[in-house]
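Throughout, read-outs are computed from the coordinates displayed, never taken from laboratory work. These numbers come from a predicted model, not from an experiment. We place every Cβ from the backbone using ideal geometry, glycine too, and count neighbours over all the protein chains shown.
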Amino acid sequence: MPTIRPSKRFIKAYSQVPYHIQLKIDKALQLLAKDPRHPSLQTKPVQRAIGIYEALVVQSFRLTYERLPGDVSQLRVVGKHDETLTNP
């Protein structure tokens, strides 16, 4: 089970989304911690960003993370799909 570690950027982005989306993010993070390949996360590599992955929160929201040594997932950013993937 990977350790989940949020970046300052992730924490800031998380604090700016509506509460009902924060609840969905929390659920996605629980799934990510248990199984990064859980089908509902639809995890996949971000194009043109080596080592960065995206996971589904809800239809229009994504989170990105980087896999680090020691089974650590560094959360990078969360937000609306296009904005998040423009600068993962």
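Brief remarks follow.
- Per-residue ellipticity at 222 nm computed for the chain from its helices equals -10000 deg cm²/dmol, with DSSP H segments shorter than 4 residues left out and the rest contributing -39,500 (n - 2.57).
- Excluding the site residues themselves, the longest part of the chain lacking any trypsin sites (Lys or Arg not before Pro) in a DSSP loop with at most 16 other Cβ atoms within 10 Å is 49-88.
- Antiparallel DSSP beta bridges within the chain, percent to nearest 5: 80
- Efficiency of FRET from Cβ geometry, residue 1 and residue 83, R₀ 22 Å, rounded to 0.05: 0.15
- Prolate/oblate/rounded label for the chain (Cα gyration tensor, a/c 1.5): rounded
- Under 12 Å, Cβ to Cβ, from residue 14 - net charge with Lys/Arg +1 and Asp/Glu -1: +4
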